[in-house]
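Single-structure report; data block below.
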Amino acid sequence: MVQNVTSNDFFPMNIRLTHLLNLPGVAVESCHSSQDSVSFQLRVLTKGTYCPHCRNYTEELHQTRPILVRDVPVDSKEVYLKLPRRQFYCRVCQRYITERLQFIDWRRRYTQRYEENIYTQVNRFNIEQISQQQHLGVEQVKNIFNHINQKRKKQHLELSEKRYSYEKYGKNNKKLSP
Ligand SMILES: [Zn+2]
């Protein structure tokens, strides 16, 4: 991976917050706290991204849009991340590509750890309780639950397919004698 990390021109306080937030590839630029929520302005550390179609590395930034992503609560305060959604241009396949961040699933507005957290809670409490506690709509809670549920089913399926091919063909992918 090319790590084009830009200069460390942020304050020591932001370095500490970045460390506490513990999300890969991003740094805290600023932080705003109110009575019941905290929001972090983040920046992405890499200058470019890899094209998902041809694996070409590109730094040709086409446009940036701000997005707001919900993260796990801190001290019972709601946490929001303000992030840039960056679109690059790949010269090899002449396509515009939207950057994917490791800790957010494609097109989701929650971090993976927040969705996992909600999923675990749904298994313990009822959806209305979580909806009230998190200030999320009942449909949003259901949507998060279904998303994680689907993801787990898919991962489970992939794992059992791998195991099946291992048992059938052996470690070196050669067909075992009957
Ligand atoms: Zn490409």
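If I go through segment 98-117 residue by residue, how many of them are in a strand (DSSP E or B) and more than 16 Å from the ligand (Cβ to nearest atom)? So the count comes out to 1. Just one of the listed residues (Arg124, Arg65) is basic (Lys, Arg), within 17 Å of the chain's Cα centre (by Cα) and surrounded by fewer than 14 Cβ atoms within 10 Å (Cβ to Cβ), and it is Arg65.
Take segment 85-100 and flag every residue that is more than 13 Å from Arg55 (Cα to Cα), surrounded by fewer than 18 Cβ atoms within 10 Å (Cβ to Cβ) and of a type outside the set (S, T, N, Q). Listed by number, the residues that qualify are Arg85, Tyr96, Arg100.
Pairs linking a residue in segment 28-40 that is buried (at least 18 other Cβ atoms within 10 Å of the Cβ) to a residue that is in a loop (DSSP other than H, G, I, E, B), with Cβ atoms under 9 Å and 6 or more positions apart or on different chains, are Val28/Phe10; Val38/Asp75.
Criterion applied to Arg86, Arg91 was being under 26 Å from Ile148 (Cα atoms) and within 16 Å of the ligand (Cβ to nearest atom), and the one residue passing it is Arg86. Among residues of segment 87-100 that are more than 21 Å from Arg43 (Cβ to Cβ), those with a Cβ under 8 angstrom from a residue that is more than 8 Å from the ligand (Cβ to nearest atom) and acidic (Asp, Glu), sequence gap 6+ or separate chain, pair up as Cys90/Glu60; Arg91/Glu60. Residue count for segment 47-83 satisfying the condition of being of a type in the set (Phe, Trp, Tyr) and more than 16 Å from the ligand (Cβ to nearest atom): 1.
Pairing each residue of segment 105-120 that is exposed (fewer than 15 other Cβ atoms within 10 Å of the Cβ) with any residue that is modelled with pLDDT under 95 and not hydroxyl-bearing (Ser, Thr, Tyr), provided the two are 6+ apart or on different chains, yields C-beta distances under 7 Å for Trp106/Arg100.
The values are calculated or read from the model by the stated rules, or taken from the named source; none is laboratory data. Nothing here was measured: the structure is a model prediction, and the numbers come from that model. Every residue, glycine as well, gets a Cβ built from its backbone with ideal geometry; the counts of neighbours run over all protein chains shown.
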